[in-house]
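Trainee: Sending over a structure as structure tokens; questions will come in a sec.
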Amino acid sequence: MTTRIYLLIKVFDKEEYADAFIQNGELFCRTLGDFKKADEEDGRGDRFEAVTDWHQPDQIKLVITYKDNNGIEKSFPIEKLAGPLTIQNNGYDRLNLYCMYAVKAPESEESYETEEQRVAIVEKINQTLKERTTLSDEVLSLGEFAVVVYQVEDFIGRVKKAAQEKDFACWSGLIGYYDPDTFHGSFKELESIFRKRNIYEHQNEYRFAFGSHEPEGTKVIHLGSLDGIAIKVPTREINEELQLKLVE
């Protein structure tokens, strides 16, 4: 089942940042390495960004091998690991990220035969949309000002065009979340930068990642005015005032 993104929301802790975003399309893009070092308490930092391998301690074996003074090879196992064995590709630390909240829902594939069934399907869709546009307290706490992008495809296209004009590589997509207590496996190449532990699942993140040949550090990208594709609203009013529903 395909997923449709209805809205993208960016929360800001200062109104001037929200204004710069909606008036100039300003994307302030920190590096993935910065997010790895940031405080996790405010929900922005994650020391396990871009994990390529996550192995449960009861599903792997570690063995230390060495040669003694007589040149005889010896080995012994390491047992009872305290937690998962993780591997990260530090080469991704220099990538720049721009993260947004995605209001998304599965595309409806239901059918009906009667008017009563049709009305029931519409009500079900609208209830799903209402639930998906309700932001959690963790997201609301990120800042007092928000910009809601309602022309999502247009916005994504502008981001990719601006990146191309700066000769930046650009990748984007929804973040997939995994359970760190049960997941055992690997993420291939760039897939790892679009995977996070499920303690961040409330963020419903849509992420842009940029690569460039410029010196490592924060990058600023400008898209131009977002008038006509986005609106600025107080974050605290989103849950009560923002309504997304199927209009018949």
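Trainee: By how many degrees, 0 to 90 and rounded to 10, does the Cα axis of helix 152-165 deviate from the longest principal axis of the chain?
Mentor: The angle comes out at about 60 degrees.
Trainee: Let me ask you something else. By how many degrees, between 0 and 90 and to the nearest 10, does the Cα long axis of helix 115-132 differ from the longest principal axis of the chain?
Mentor: It works out to around 60 degrees.
Trainee: Taking square-rooted eigenvalues a ≥ b ≥ c of the alpha carbon gyration tensor, is region 1-140 rounded, prolate or oblate, where a/c under 1.5 means rounded and, failing that, a/b exceeding b/c means prolate?
Mentor: oblate
Trainee: What is the calculated FRET efficiency for Ile231 to Glu191, with r their C-beta to C-beta distance and R₀ = 30 Å, to the nearest 0.05?
Mentor: According to the calculation, E is roughly 0.35.
Trainee: Further, regarding this structure: If you compute semi-axes √(5λ) of the Cα gyration tensor in Å for the structure shown, which of (1) 44, 23, 17; (2) 34, 19, 16; (3) 39, 25, 16 do you land on?
Mentor: (3)
Trainee: In what order, largest first, do Val63, Val220 sit by accessible area if the probe radius is 1.4 Å?
Mentor: So the residues, ranked largest to smallest area, are Val63, Val220.
Trainee: Trypsin sites (Lys or Arg not before Pro), restricted to region 1-68: which are DSSP loop and have at most 15 other Cβ atoms within 10 Å?
Mentor: Lys14, Arg44, Arg47, Lys61
Trainee: Given the -39500 (n - 2.57) contribution per DSSP H run of 4+ residues, what per-residue ellipticity at 222 nm results for the chain, rounded to the nearest 500 deg cm²/dmol?
Mentor: The per-residue figure over the chain is -6500 deg cm²/dmol.
The values are calculated or read from the model by the stated rules, or taken from the named source; none is laboratory data. Predicted, not measured: the structure shown is a model, and the values here were computed from it. When we count neighbours, we look across all protein chains shown, and the Cβ atoms used for this are built from the backbone with ideal geometry, even at glycine. In case anyone asks, the SASA skips ligands and DNA or RNA and just uses the protein heavy atoms, side chains included. Shrake-Rupley method; radii C 1.70, N 1.55, O 1.52, S 1.80 Å.
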